[in-house]
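Scroll down for the structure; my scribbles are underneath it.
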Amino acid sequence: MRRGMGLFLALIMVVLVGCSSSTPAPATSSAGKDPAANTKPIKLGLIIPATGASVEAGRFQKQGAELAVEEINKAGGVNGRPIKLVIEDDQSTNPGAVAALQKLLEDKEIPMIVSSIRSTQIQAMLPTINEAKIPVAIGGTNYGLTHSNSQWVFRFRPHDGMSAKVMVKFVVEELKKTKIAVVHNTDAFGNGGRDMVIEALKPYNLKIVSDQGFNTDEKDFTGVISALKQSGADAMVSYIANSPDLGILAKQMKQQNLNITWVGSPSITGQDGIKLAGDSLNGTYGIADYNADSSPKAKAYQTAYKAKYNNEEPDHYSAWSYDAVTIFAEVMKKNPDLKADALRTALLAIKGFQGAEGEYTFDKNGDGLDHYNIVQNNNNTFKLAKTLHVPRD
Amino acid sequence: MDLPIFGQNLLAGVAIGGVYALVALGIVLIYRATNVVNFAQGEFSMLGAYALFALTSGLKLNYFVAFLLSLALMAVLGLLFELGVYYPLRNRTFLPVVIATIGASIMFQNGALAIFGSSPEKLRPVIQAGTHGGITLGGVFFDYQYVVILIVTGLLVVIQYFFFEHTLLGKKMQATSQDKDMARLLGIPVATMIAITFIYSTLLGGLSGMLVGPIFFVTHRMGGMLGMKAFAATIIGGFGDVRGAIIGGLSLGIVEALGAGYISPIYKDAFAFLVLISFLLVRPQGIFGEKVSEKA
Amino acid sequence: MPKNLRSFNWGYLAIALGAIAVIVLPMMVTTRYSTNLLILGAAWGIAAMGLTVVLGYTGQISLAQASFVGLGAYGIALGTTRWHMNWWVALLIGVLMAAVAGLILGMTTLKLSGHYLAMVTISFQIIFTLIATNWRVVTNGPDGVTGIKRPPFLFALNSAQKYAWFAMGALFLIGLLVYFLRKTRLGRSMVAVRENELAAEALGVDTIRTKIVAFVLSGIIAAIGGAVYASGFLYISPDTFSFETSVQFLAMALAGGTESVLGTILGAFALTLLPEFLRDFKKVYLIMYGFVIIMVIVFMPEGLWGFVNLIGRRFVKPKALPKAKNPLQVGGQGASGEDLLAVANLGKHFGGLKAVDAVDFTVKRGELHALIGPNGSGKTTCINLISGLYIPTFGSIKLKGQEISGVRPNRIARMGLSRTFQNLRLFKELTVWENVLIGSQRKGGTEAQIADRALAAVEFVGLESKVQERCKNLPYGHQKLVEIARTLAGEPELLLLDEPAAGLNQTEKQEMVGLLQRLHAAGLTMLLVEHDMSLVSQVSDRMTVLNFGKKISEGLPDDVLADPVVVEAYLGNREVALGA
């Protein structure tokens, strides 16, 4: 029974020693002074979900980042030093995300990290980020991520508070609707969005007429649709991240003859949603932090992305990481010492920087954007309806 | 109560219930033959759907040719599954077998993820007609694909009944499921009968996936909950009986749909499993069940 | 004393090494990343050890382990952040919640086992996830809980390394507890339930209570794991405690060896560390993960540890047995000749079938009473009624003057009645020694007394040389002897023997006759059901004959066998009855 205990312990020790010794020696602080080090690649950490539930977002995120790196390096890198991505998988789980982050933090040559898109995982990483004190780019849109006194997270997308304000503003002011329903996944994203919509309706003295939550991977929306019918809503705002849910909902709404003005969170303009929903999403509005027609820079990004990735359409999952890498490179150019504090100050000083998603100006919370594009689905091509800015908080 | 809305909810329940029933049918057959619950049955649906997707979208085969070919592929998979997972463990207790089938389902899911990626795919429905793939009657929308599923499920029950009661092979399989030792003494090749059961059940699973693919969309995750619900349906109906799978599936679907429509869609799955637990505690043998207890 | 019976006694060395590892490992890993893995491994190791108890020891499947872990984690998270409790109070609350959940799941085992139990635990797990995700007022929903506190401890746990000590220490302590649990009465009862529930019950093990206790313990242990996790990572959210995680715990326990504490810890660390090593081969790893589960189940049913153990066992010779200090005291106290068992108007109907119909007979203290009759005459049903496995349709059964019809078998067993089974019901995977120890537990006493009785029982049937063998490896004749030794070790007052000679060859039969005669001489009261007439007539004092569920004759062997009614009853198969 107890034989082999020693063997077991030895194994564990070997394993753990292996972990710790595989970490490279700390970088010399002389980088930048030594001329030989000038061409030494700068490592940039990238955390993506490469396995598990969010792989799809991870793939786009990686492609956006790699495109940015290619462009930067082609243009001479950061003061002559090329950028090299060090990619870790967050496994789409919280412990996985923390482990991935810590793995990157062990490498002292990594001055900045572009992290994940899922809010829960960023939430899990926050204590570690605060402790590590290096700038981390995030793509999660949960309002709280930049409002929890963390000095080190920088958001490269608008947050859900903004998306709700934009959607509500559009529905109430532009489309003149007053009976508004919310339909959402019951994950962090969906619930957060729902709360923000309720909040955003207050200035107009309006309340939602129906709150329809459902669990991810729902297969039948008859219950949701009949509740919407009975509520008498004339417009709905949706926070749905999972594209099969979106596809089935859209199809069944058409089938069950629920024709209602629909403004949806970004996935409604995503490629997967369109593929699954077919023509059922025709006429709906969506908000998109990225839209190719919103600026010349956005257009250029689309061209470059399609050229590199087999004519695939870019979307916000890739655009934000593209922007994050680009802006990180920008601040590193100005701070060749790569000191965390200086980099952070430089990021906070960014004003009006034109990225693929839009104009970045970082506020004290670390939020870079304050706008959303509203696009309309016109036979599965997207027409820019309006770009709306909202006040920050 | 708004009648068309009630009708729509009820129809949704019946339709989804039909899907559960189709998957549950495979679980019941394997259980009857081997006393083993196959936790990978839901993955057979997923694999069937992907097979059809690969053949129609990848190889651009005619839909109906691809349909038959996918069924053939599933049959092969069924045999491999029997040889690889069930056969080596046939003399062990239920626990190792259950865990092995859970292992198999992890393997299938991740295999599909590795091959097809995580992006959901769309399948063609069997009948391509009507606005939005169906017809509205009396304010209630009938999705043709749902109608097809219900017809197929009904047909399978009839065919299965005829097969087990009126053909020699069917009777041999029934004898095997009732008493293996006796069947062996009567010269029935028990191992072959069990293999045939697995092949047929896998085929059923695959078929269910090909039929629900157009409605649910095809993802590597689609089999998980489907298999679990089908298993719940089997328990509600009772393990002993093919009728149980059908009644169990339909009642589970209806409870879910009405619960979601009239109470809360968030706790839809909770309703399903609460019904299951109460069934287990009050009537563990199910509606058409056999005795659960062990004999001395 | 039982210590020198253990085949390899490396236990204390292992414990010492473990203690050193607890202190040294957190010092050896210097990076945050590997320290964190150490904490994660420790937390998951504790959680998986809950499965060692419920699945490994007790043989009950649980796919709700992650929900127990979740309860512990939420207890700490909400307790320390929202209600500002002391960490240890919050731990207590989480543990209590998990214990209650374990109690509820355990109670379902009253009615359910096997697949049904699996499904109930899965349902529980899914409902837990739904509530944790959707009941936002309390759980904060999918956003999870941040700002979790670390426990106040002997030293401040203000760094990852110090916390790693704490986590490893917790793992070590829980590991010790679970390891020693296996060697207690409760632990042996658990294993008995796993191996053969019916036999365990008939040997006086309260199987229902044992299963419930196992689930509760498993919940408590898992909740502690959850608490260690929550304070280690300072943030939790519901998706960490999902069905997939439950499956992962199962895989950890299985890969290492469900029954072994070290194996489970090994499995937990392996499955925590492996994905980290194989980061670059992630997809392959995930496919292999499922494949490896199947391979382990097929080729290493006892997990990695069992495999190592199997090899280890070849090189270690069992030590010699000491002699029993006291002889067996079977038969109990009481006047010889009084009515020990009185069956009156006993009936059992299965639907329309009257298996036993208004039967009366008595067994007097000290006698060997035989119950005979043609096939299907209701003899085994009678024994099942008396030992409590069946509840009578009507009638009364009195043991030592006390009514026992409808009483649960383990209670009857503890009143001094023991039985063997027609189709052997041994704890097959256990050694002869453990089988007999479990039987010996019936009578209670100290561990030394239990072991001494077991020794005496083994000596009585003459199986001293086989004690360390697993029952499944013994020849049939020896297995029969083990079953009898197992009942004897509990020093019963009344022993029911259901066809002890069935399946034995002539020599073995004669040995069985000798054994019965020795037991008879030692004063043990026996009720013997047997087909073999020559054996019955050699040993029994009195006989009762059943036919079609009714008593047709009773008396001294010679009189009964000459009774024309009996002869007629056996006429159809006279050769069987009188031959052999």
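Read-outs throughout are calculated quantities, based only on the coordinates presented, and are distinct from any laboratory measurement. Being a predicted model, the structure only gives us computed values, none of them experimental. A quick note on method: Cβ atoms are made from the backbone with ideal geometry, for glycine too, and the neighbour counts reach across all protein chains shown.
Tabulated results
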read-out: Principal-axis tilt of helix C:114-134 within chain C, Cα atoms, nearest 10 degrees; value: 30
read-out: Förster radius 56 Å - calculated FRET efficiency between B:ILE115 and C:GLN510, Cβ distance, rounded to 0.05; value: 0.25
read-out: Most to least packed among A:274-287, B:99-112 [average Cβ atoms within 10 Å]; value: B:99-112, A:274-287
read-out: Relative contact order [Cα under 8 Å, 6+ residues apart], chain C, whole percent; value: 16
read-out: HN-Hα J in Hz across region C:406-411 - Karplus 6.51, -1.76, 1.60, θ = phi - 60°, x for Gly and Pro; value: x, 7, 5, x, 5, 5
read-out: Within straight-line cross-link reach of A:LYS275, aspartates and glutamates at Cα separation under 16 Å, skipping those fewer than 8 residues along the same chain; value: A:GLU56, A:ASP245, A:GLU312, A:GLU313, A:ASP315, B:GLU121
read-out: Residue mean of other protein chain beta carbons inside 10 Å, C:144-152; value: 2
read-out: Per residue convex hull volume, Cα atoms of region C:362-418, in Å³; value: 93
read-out: Integer Hz, Karplus 6.51/-1.76/1.60 couplings in order for region C:335-341, x for Gly and Pro; value: 5, 5, x, 6, 6, 7, 10
read-out: Cβ-defined net charge surrounding A:HIS316, 9 Å radius [Lys, Arg +1; Asp, Glu -1]; value: -2
read-out: Relative contact order computed over region B:46-126 (Cα-Cα under 8 Å; 6+ residues apart), in percent; value: 35
read-out: Region A:386-393 - phi-based ³J(HN,Hα) in whole Hz, Karplus 6.51/-1.76/1.60, Gly and Pro as x; value: 5, 10, 10, 9, 10, x, 7, 9
read-out: Interchain or long-range residues, amide H under 5 Å from A:THR216's placed H; value: A:THR186
read-out: Partner chain coverage, peptide A:123-132 - average Cβ within 10 angstrom; value: 4
read-out: Environment charge at A:GLU70 (Cβ cut-off 13 Å; Lys +1, Arg +1, Asp -1, Glu -1); value: +2
read-out: Long-range HN-HN contacts of C:LEU546 with modeled amide H, under 5 Å; value: C:ILE372, C:GLY373, C:ILE552
read-out: Nonlocal amide H pairs with C:ILE236, under 5 Å, H built at 1.01 Å; value: C:VAL145
read-out: For C:HIS349, A:HIS159, order by how many other beta-carbon atoms lie within 10 Å, fewest first; value: C:HIS349, A:HIS159
read-out: Listed residues C:LEU130, C:GLN510, C:THR393: farthest to the positive end of the dipole of chain C (Cβ charges); value: C:LEU130
read-out: Where only alpha carbons of the protein assembly as shown are counted, the Rg and the Dmax (Å); value: 34.7, 117
read-out: Helix-derived mean residue ellipticity, 222 nm - over chain A, DSSP H n ≥ 4, -39500 (n - 2.57), to 500; value: -13000 deg cm²/dmol
read-out: Estimated inter-spin distance, A:LYS299 and C:LEU177, nm [label 7 Å along Cα→Cβ]; value: 6.9
read-out: Relative contact order, percent, region A:273-347 [alpha-carbon distance under 8 Å, six or more residues apart]; value: 17
read-out: Proximal aspartates and glutamates relative to C:LYS400, as straight alpha-carbon distance under 15 Å, when same-chain residues fewer than 8 apart are discounted; value: C:GLU338, C:ASP339, C:GLU367, C:GLU493
read-out: Rg and Dmax of region C:174-244, Cα atoms only, in Å; value: 15.9, 49
read-out: Axial C-alpha extent at least 24 Å, average Kyte-Doolittle at least -1.0 - helices from chain A (DSSP); value: A:55-74, A:316-334
read-out: Difference of contour (0.36 nm per residue) and Cα-Cα distance, C:LYS428 to C:THR446; value: 3.9 nm
read-out: Between helix C:303-315 and chain C: long-axis angle, C-alpha atoms, 0 to 90°, nearest 10; value: 60
read-out: In degrees, nearest ten, helix C:160-181 long axis to first principal axis of chain C (Cα); value: 0
read-out: Residue mean of other protein chain beta carbons inside 10 Å, B:87-98; value: 4
read-out: Under 25 Å from the Cα of C:LYS149 - lysines, other chains or at least 8 residues apart; value: A:LYS103, A:LYS133, C:LYS162
read-out: Region C:331-429: projected area of the alpha-carbon convex hull, averaged over directions, in nm²; value: 7.3
read-out: Radius 9 Å from Cβ of C:THR420, net charge of other residues (Lys, Arg +1; Asp, Glu -1); value: +1
read-out: Alpha-carbon spread of region C:1-143, three principal axes, descending order, Å; value: 52, 44, 26
